[in-house]
């Protein structure tokens, strides 16, 4: 079975990442999107909060590059690499695309732990400030 909505989603996802088009992230998210972020954050729910965190991550990870991708129906696994202030990072975006071609769920396991801790130090205060403003 083919899923043309997934092809369209992937094209736009890769464009957003390549161009660091943070303003377009919310347009590809379902209203009830959920995100399992690095281990120091609880699961996030809702378009506004997930778009904000994805934007922070996109702005923070340097030399962000996708290396490989796997696909099964509407389920995607995109392996990435990058750096946070000189700390190497590797991870996988585990994505579910809904029938409307929108991101319904994303989980992002990453390693190594020292880079995740540094990412938390960089992003954490901005996330907390944003959550407090809601």
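A few points about this structure:
- Taking only the C-alpha atoms of segment 4-133, the Rg (one decimal) and the largest Cα-Cα distance, Dmax (whole number), read 13.8, 39 Å.
- For the chain, DSSP calls about 85 percent of its internal beta bridges antiparallel.
- Principal-axis tilt of helix 113-133 within the chain, Cα atoms, nearest 10 degrees: 80
- Helix axis angle, 4-19 relative to the chain longest principal axis, alpha carbon, degrees: 30
- Each helix, a run of at least 4 DSSP H residues, gives -39500 (n - 2.57); summed and divided by the residues of the chain, these come to -13000 deg cm²/dmol at 222 nm.
- Computed from Cα atoms, the angle from the helix 47-60 axis to the main principal axis of the chain rounds to 60 degrees.
- Here the label points at residue 72 and residue 85, each 7 Å from Cα along the C-beta direction, are separated by 3.8 nm in the simple model.
Read the figures in this text as sums done on the coordinates, not as results from a lab. No experiment lies behind these values; they were computed from the predicted model shown. Note that each Cβ is placed from the backbone with ideal geometry, even for glycine, and that neighbours are counted across all protein chains shown.
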